[in-house]
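A quick write-up on the structure given underneath.
Since every read-out is calculated from the coordinates, none of them should be taken as a lab result. Keep in mind the model is a prediction, meaning the values are calculated, not measured. Backbone-built Cβ (ideal geometry, glycine too); neighbour counts: all protein chains shown.
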Amino acid sequence: MKIAVFSTKPYDQEYFEKYMESHNFEFTFFETQLNKTTANLTAGYNVVCVFVNDKVDDNTIKILQKNGIGLIALRCAGYNNVDLASAKRNQIKVVRVPAYSPEAVAEHAVALILTLNRKTHKAYNRVREGNFSLNKLIGFNLHGKTVGVIGTGKIGATFCKIIKGFGCNIIAFDMYKSEELIQLGVQYKTLDEVYQEADIISLHCPLNPDTKHIVNKEAIALMKNGIMIINTSRGGLINTADIIDGLANEKIGYLGIDVYEQEENLFFKDLSESIIPDDMILRLISFPNVLITAHQAYFTKEAMEEITLTTLNNIKEFESGVSLKNELL
Ligand code: NAI
């Protein structure tokens, strides 16, 4: 089985090399993203292994089909970057890693909340420079605040359990209500009620046509003044222009994002010596109450291990011709 791995970073290669010995697979690691321009690299391979920002659209898939690719193995949970209908038409199977570590992402969402609120990132820099002043470092107690969770699947549910420990009231919106979370004290509400009543909103739903720009100017208008918005799910859930307006007119008090609408041109790259080709992210960075991390919520040792082992097993199942446990249909 010959596998072309795209968007490879040193840590991806390290984990595959650690675990691949027990399999008879031949890996080639490409740093480049998979898209319609790079898809020609897949000639002679059986499987492509891709990540969140590879563009596996209809044009790319047609080339994969011509090159004899039989499997697209996503090493992530979200699959908004793959045209599933086209893969089906072209008889290419698609597998993913459905749940590698909900704790990793949920804990990162909490880290964004705590950092934005208690400003530890600013305190760290101040103290290193001999500035021991507390001016402008004031935060608020999480205890007693209302946290709105949009999407209470695996990550959202884990987030609810953690944030409950801070003594927060939790309200949530999802089409499917979790009995376990109701028992925990989570109150399901309409989406508008979550927008209106929450002090902090954390997004944990997938990106799809229904959820694209779920946070836009109409949603922001319903929110409390000074709202904290956290997005560790997908950038497209937030309309970036609208969120910039909300920050500029001080309706939004805090924004913590691990994902960004145009992230494929930026994230996972060192652009520190380059001109950043994106004015919107530069505007976001300019706000003192915005914290951006570059899609690292998943990035823990435990999650990397689970991603690698599940991906290897997904490919093994494909090789053996058995039914694929993690196939996307
Ligand atoms: P999941 O499938 O377990 O849960 C998603 C939940 O969202 C489900 O309960 C579903 O009913 C709900 N949902 C769907 N449409 C909705 C809507 N319109 N409004 C409200 N809720 C809706 O998925 P999981 O594992 O919890 O992951 C959630 C998302 O987190 C993924 O789709 C992915 O985009 C993102 N993610 C981000 C990572 C990162 O490193 N930043 C890593 C892993 C996942």
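Data overview
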read-out: Column: log10 I(q)/I(0), Debye, Cα scatterers of the range 140-277, q = 0.15, 0.17, 0.19 Å⁻¹; value: -0.73, -0.91, -1.10
read-out: The chain: most fluctuating residue of 102, 277, 206 per GNM, C-alpha cutoff 10 Å; value: 277
read-out: Using a Förster distance of 35 Å, the FRET efficiency for residue 62-residue 23 (Cβ separation, nearest 0.05); value: 0.75
read-out: Across 269/316; 62/325; 269/325; 93/212; 154/316; 9/177, pairs whose alpha-carbon gap is larger than 28 Å; value: 269/316; 269/325; 9/177
read-out: Computed over the chain: relative contact order in percent, which uses C-alpha pairs under 8 Å that are six or more apart; value: 17 percent
read-out: 63, 182 arranged by Cβ crowding within 10 Å, fewest neighbours leading; value: 182, 63
read-out: Gaussian network model of the chain, Cα within-10 Å springs - most flexible of 225, 53, 135; value: 135
read-out: Inter-site label distance for residue 140 and residue 275 at 7 Å from Cα along Cβ, in nm; value: 4.1 nm
read-out: Gain in span if fully extended, residue 11 to residue 208, counting 0.36 nm per residue against the direct Cα distance; value: 68.0 nm
read-out: With Cα atoms, 0 to 90° folded angle of helix 154-164 axis to the chain main axis; value: 30 degrees
read-out: Given 10 as the ceiling on other Cβ atoms within 10 Å, longest exposed-site-free region of the chain for GluC sites (Glu not before Pro) in DSSP loops; value: 1-128
read-out: Kirkwood estimate for the chain, i.e. one over the average of 1/r between Cα atoms, Å; value: 21.2 Å
